[in-house]
Structure formats: structure tokens, C-alpha cells
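Since the structure comes first, as C-alpha cells, the remarks are kept for the end.
Every number here is computed from the coordinates shown, using simple stated rules; none is lab data. All figures in this text were calculated on a predicted structure; none of them were measured in a lab. Note: ideal-geometry Cβ built from the backbone for every residue, glycine included; neighbour counts use all protein chains shown.
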Amino acid sequence: TPPSRIVYTQEFCDQDEGPGRHPFAPTWPQTMLTTVSFEAEGPARTRVTIIWEVYGEATAEERAKFRAEKPGMTVGWTGSFDKLEKLLG
């Protein structure tokens, strides 16, 4: 929904660029759904909200692994946006 939302699925790939598994976490879900929303907070500020969730078929073990790693995901996304802000600044 330009310019307020981007939605996509995300997967790891193998060495042949086919669907693969997380190289260090074999119980990581195969597919994640990412929703990125943008909301103006002023003339030069935008709030970015990311919702990342398991998508499609996944085992209970894969869903539990995903939930357990959520704090690390926040650190990863924040670091990515810090780099973007530095690049754009």
C-alpha cells in the first residue's frame, strides 16, 4: 500500500539460491511474513513499525524457536535502522 506499508515473505536460501534453512538454527521456521508500516510523525519524522511472524506451515518447535528469539530480532532490526539513519544523515 504505497507509501504506507510493505508486506513480503522472507526465507533463507541454500548455496544454489533455492529455499533453504537457517544455517545455524535448523529449527528456525521456513518462511516469515514481514509487514513494514510507515506513519508520518511530523514534517521530517516517520515512525516505522515492523511486524515479523511465522508464515505458512511450521512445527510447534519452529514457532517456539521464533518466539524465543524475538529479543534478538529487535536488536537486529534496530541495528539495521541505525545504519540506515547514519547513511542518510
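Charge dipole (Cα centre; +1 on Lys/Arg Cβ, -1 on Asp/Glu Cβ; no other charges) of the chain amounts to roughly 400 debye.
If you wrap the chain's Cα atoms in a convex hull and average its projection over all directions, what's the area in nm²? Numbers along the way, then the final one.
Details: hull surface 29.8 nm².
Projected over every direction and averaged, the Cα hull of the chain covers 7.5 nm².
Packing, as the average of other Cβ atoms within 10 Å across residues, places the peptides 63-69, 29-35 in the order 29-35, 63-69, highest first.
Once the Cα atoms of helix 70-88 and of the chain are each reduced to a long axis, what angle between those two axes, in degrees from 0 to 90 to the nearest 10, is obtained? Helix 70-88 and the main axis of the chain meet at about 40 degrees. With the charge dipole of the chain set up from +1 on Lys and Arg Cβ and -1 on Asp and Glu Cβ about the Cα centre, the Cα lying farthest toward the positive end among the listed residues Thr31, Gly42, Gly72 is that of Gly42.
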